[in-house]
Amino acid sequence: MTITVAGNKKDYPGALTVQKLIELENVEMPLYVTVSLNDEFVPGGTFETTELHDGDSVEFLYFMGGGR
Amino acid sequence: MAFSNEQLERYSRHIILKEVGVKGQKKLLESKVLIIGAGGLGAPAALYLAAAGVGTIGIADADEVDLSNLQRQVIHTTLDLGKAKVQSARETMEAVNPDVRVRAYQTFVAADNIMELVRDYDFVIDGTDNFPAKFLINDACVLAKKPFSHAGIIRFRGQLMTYVPGQGPCYRCVFKAPPPPDAVPTCRQAGVIGAMGGVIGSLQAMEAIKYIVGKGELLTGALLTYDALTMEFRKIKLPGNGSCAVCGQNPTILKPFDYEQAGCEIKA
């Protein structure tokens, strides 16, 4: 199935959850990433159970703390 | 308020823009912007807002200028080492533009003073370097109904978003609560390319200016991310979050509070 990840279309074989995608994409700081799926936030604690479907769009939002 | 000949010349490149004009420049001169943090983000933001003729600029920071600041904090010079950052920033802003009234607050911004600080300003710029401060600024601005620009920078990356009351999600809608101390690297631990503050801090100044003159689209409901290594900007749509603890339908945060966590530049 094809998922748009951070703006790029990618093909993945087989079933996929948000958690699995985080692992496949080597997301930095996976415990502290915010995920949006088709422009809705995926609630924390549901990454393992949220299944992805063909055509879905996923964004990873990262904590960025610097500034001074 | 009539412009002097000097002001007409100083702001001529603004006044000639149809989106600004005499009317917009007058709004800038009558506006008040608070910058929290006189560092990597706050320095370029303060310089551009002063040059733009923002009439009152508040700047808050408890620190003094340190040698390791000068790689990115372009409002301070080598001659300012040891000086209070807010004093150094004030002197530079006043030298850039004598039209600007600078209010310097040499203090740690915390739950017990932030509402008083933000109350008098039209727009707030978050130029802080730690999550407790970023959440504090968010909560205070939501509670005081003040628009603000959030930003963060690290290594070769930066991001920013703009909150305007009633026009989209706040920082807490997206990020919920600070990560545990040391779970996410800080600039001190991970480094940051100096020009990143220039890019993102200037974009924060741009958001403030657009808000004040009332033109263009703001980064409300969007997070703009920038990766300098790939030279990619991305504008990511941010959903609303009705269950947000501060701006949601049943808020549990009714006044600002401090998280116990030190920032990366707070000296031990």
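Observations on the structure shown:
- Exposed-loop-free span, longest in chain B, where GluC sites (Glu not before Pro) count as exposed if DSSP calls them loop and at most 14 other C-beta atoms lie within 10 Å: B:20-216
- Calculated FRET efficiency for the pair B:Phe3/A:Glu23, C-beta based, R₀ 51 Å, to 0.05: 0.25
- Cross-link partners of B:Lys23 among aspartates and glutamates, defined as those whose alpha carbon lies under 20 angstrom from its own and excluding same-chain residues fewer than eight positions apart: B:Glu6, B:Glu9, B:Asp99, B:Asp122, B:Glu207, B:Glu217.
- Share, in percent, of DSSP beta bridges within chain B that are antiparallel, nearest 5: 50
- Note on the protein assembly as shown: antiparallel DSSP beta bridges, both residues inside, total approximately 60 percent of the bridges counted.
- Backbone phi angles across region B:174-179, fed through the Karplus curve with coefficients 6.51, -1.76 and 1.60 (θ = phi - 60°), yield HN-Hα couplings of 8, 10, 6, 7, x, x Hz in residue order; Gly and Pro are listed as x.
- Neighbour-count ranking [beta-carbon atoms within 10 angstrom, fewest first] of A:Met29, B:Met115, B:Met206: A:Met29, B:Met115, B:Met206
- On the beta carbon distance between B:Lys23 and A:Thr2, with R0 = 51 Å, the FRET formula returns roughly 0.55.
- Label zone at A:Asp54, where the point sits 7 Å out along the Cα-to-Cβ direction: region A:1-43 residues whose backbone N lies under 13 Å: A:1-3, A:11-15
- Cβ-defined net charge surrounding B:Leu143, 12 Å radius [Lys, Arg +1; Asp, Glu -1]: +4
- Cut-off under 5 Å, modelled amide H: who pairs with B:Gly40 long-range: A:Arg68
- Estimated [θ] at 222 nm from DSSP helical runs (n ≥ 4, -39500 (n - 2.57)) normalised by residues in chain B, nearest 500: -10000 deg cm²/dmol
- Anchor B:Lys146: lysines whose Cα lies under 20 Å away (excluding residues fewer than 8 positions away in-chain): B:Lys27, B:Lys32, B:Lys134, B:Lys176, B:Lys210, B:Lys215, B:Lys255
- Derived scalar couplings ³J(HN,Hα) [region A:53-68; Karplus, 6.51 cos²θ - 1.76 cosθ + 1.60; whole Hz; x for Gly, Pro]: 10, 3, x, 5, 10, 10, 10, 9, 10, 10, 5, 9, x, x, x, 10
- Ranking of B:Leu81, A:Leu52 by count of other Cβ atoms within 10 Å, fewest first: B:Leu81, A:Leu52
- Set of lysines near A:Lys20 by C-alpha distance (under 19 Å), chain-local residues within fewer than 8 positions excluded: A:Lys9, A:Lys10
- All other residues whose Cβ lies under 9 angstrom from that of B:Thr225 are scored, Lys and Arg at +1 and Asp and Glu at -1, for a net of +1.
- Using the Cβ-Cβ distance between B:Glu30 and B:Phe108 with R0 = 25 Å, the FRET efficiency computed as 1/(1 + (r/R0)^6) comes to roughly 0.25.
- The magnitude of the dipole of the protein assembly as shown, with charges of +1 and -1 set on the Cβ of Lys/Arg and Asp/Glu and taken from the Cα centre, is near 920 debye.
- Summed over qualifying helices (DSSP H, 4 residues or more, each -39500 (n - 2.57)) and divided by its residue number, chain A shows a 222 nm mean residue ellipticity of -2500 deg cm²/dmol.
- Karplus-derived HN-Hα couplings along region B:124-139 (A = 6.51, B = -1.76, C = 1.60, θ = phi - 60°), whole Hz, x at Gly and Pro: 10, 10, 8, x, 8, 10, 8, 5, x, 5, 5, 5, 4, 4, 4, 4
- Cα shape, region B:180-268, gyration tensor, a/c 1.5 rule: oblate
- Note on region B:21-63 and region B:152-208: Cα centroid distance 18 Å, given to the nearest whole angstrom.
Since every read-out is calculated from the coordinates, none of them should be taken as a lab result. Small disclaimer: the values here were computed from a predicted structure and weren't measured. Ideal geometry is used to build each Cβ from the backbone, glycine not excepted, and the neighbour counts take in all protein chains shown.
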